[in-house]
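Presented below is the structure to which this report refers.
The values are calculated or read from the model by the stated rules, or taken from the named source; none is laboratory data. Source: prediction; values computed, not measured. No Cβ is skipped: glycine too gets one built from the backbone with ideal geometry, and neighbour counts run over all protein chains shown. In case anyone asks, the SASA skips ligands and DNA or RNA and just uses the protein heavy atoms, side chains included. Shrake-Rupley method; radii C 1.70, N 1.55, O 1.52, S 1.80 Å.
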Amino acid sequence: MRIGVDLGGTKIEALALDDSGHELQRIRVSTPRGDYDGTVDAIAKLVSDLEAATGKRGTVGVGIPGTVVESTGLVKNANSTWINDKPFQADLCQALAREVRCANDANCLAVSEATDGSVAGVPVVFAVIMGTGCGGGIAFHGRVHAGRNGIAGEWGHMPLPWANADEFPGPACYCGRYGCLETWISGTGFEKDYTRSKGEALRGKEIVAKARTGDLEAIACLDRLQDRLARGLAVIANVLDPDAIVIGGGLSNMDELYIGISERISGYAFGGSMYTPVLKARHGDSSGVRGAAWLWPATS
Ligand SMILES: [Zn+2]
């Protein structure tokens with residue numbers, strides 16, 4: 001049995017999968033925000049509850065909104081800031097009396113989709129989470145490629161490529177810089193873009209609904225979102241040239257995002273023509289927690 005845990009800002013979700021990826025049991029609790037020991041304890045309890053419910057012992061993988069730096073064993077870049085600079089993986093190993101694997105949540109998405117999702121069996125996958133924030137992750141043959149510094153695929157905090165005059169320097173980002181991709185192509189960035197152009201605050205879903213009724217301002221906002229996404233993905237194509245790109249997170253459910261996206265990426269990628277499929281995550285909101293479980297692949 002594999003147990004996956006997804007540590008989110010508001011909830012922690014845990015699920016148990018059997019060998020074929022069939023879901024045995026799923027539970028969730030509120031995240032003890034700001035409480036490091038409480039977060040470790042909550043994860044340990046979720047695992048023991050799943051094992052009590054299934055009567056089996058499992059491997060444990062945990063998706064975190066940050067990364068464990070291999071050389072120090074400490075977490076960095078987590079927006080759940082109370083786990084930053086802590087030996088989170090080691091503390092979980094101790095609490096659960098077994099080896100626990102932690103990985104960035106975008107890397108978990110990549111692993112999930114490359115294992116039994118929309119890009120199953122695809123060798124090199126770049127995964128994007130477009131939710132409240134925006135992140136990226138890489139899987140090679142279904143396994144995380146975290147990188148030397150644990151930041152491989154950290155796409156949300158590079159600058160928007162080929163910025164127009166009115167996009168420069170761009171909105172301030174929480175990381176301290178301006179114009180990061182996250183400030184443009186996350187759900188939050190999408191909503192702020194609409195507010196800037198229209199002077200009215202709407203939720204992402206409302207903007208999409210307006211676009212579908214033919215509202216020109218909303219259509220233009222969606223068009224800018226897709227163009228900025230294409231620019232960001234063109235850089236990924238130039239650097240990594242993955243076999244497939246998969247998108248998860250709240251914005252990934254917007255079908256308009258995928259129409260003509262490959263042509264747009266081709267317009268920016270070096271040499272033009274790009275044949276990389278850009279697909280919606282098959283497992284939707286479950287991709288993170290499933291990917292965490294698959295951090296222990298069948299062959300390990
Ligand atoms: Zn940033």
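So the values come out like this:
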{"read-out": "Of all residues making up segment 166-178, the number that are within 12 Å of the ligand (Cβ to nearest atom) and open to solvent by less than 50 Å² (accessible area, probe 1.4 Å)", "value": "3"}
{"read-out": "Scan of segment 207-246 for residues that are β-branched (Val, Ile, Thr), under 18 Å from residue 191 (Cβ atoms) and open to solvent by less than 60 Å² (accessible area, probe 1.4 Å), ordered by number", "value": "207, 208"}
{"read-out": "Residue count, segment 2-25 (criterion: surrounded by 15 or more Cβ atoms within 10 Å (Cβ to Cβ) and on the phi < 0 side of the Ramachandran plot)", "value": "15"}
{"read-out": "Inter-residue pairs, beta-carbon under 7 Å, first within 18 Å of residue 183 (Cβ to Cβ) and in segment 194-208, second polar (S, T, N, Q) and in a helix (DSSP H, G or I), 6+ apart", "value": "201/195"}
{"read-out": "Unique match (being more than 12 Å from the ligand (Cβ to nearest atom), of a type in the set (Gly, Ala, Ser), open to solvent by less than 60 Å² (accessible area, probe 1.4 Å) and under 16 Å from residue 104 (Cβ atoms)) among 163, 152", "value": "152"}
{"read-out": "Breaking point among (1) touching a Cys at 6+ places or on another chain (Cβ under 6 Å); (2) open to solvent by 20 Å² or more (accessible area, probe 1.4 Å); (3) not charged (D, E, K, R), for residue 115", "value": "(1)"}
{"read-out": "Residue match in segment 54-67 (condition: farther than 17 Å from residue 14 by Cα and buried (at least 19 other Cβ atoms within 10 Å of the Cβ))", "value": "yes"}
{"read-out": "Residue in segment 132-142 that is nearest to the ligand (Cβ to nearest atom), counting only those that are over 25 Å from residue 84 (Cβ atoms) and either open to solvent by 20 Å² or more (accessible area, probe 1.4 Å) or among the hydroxyl-bearing types (Ser, Thr, Tyr) (or both)", "value": "140"}
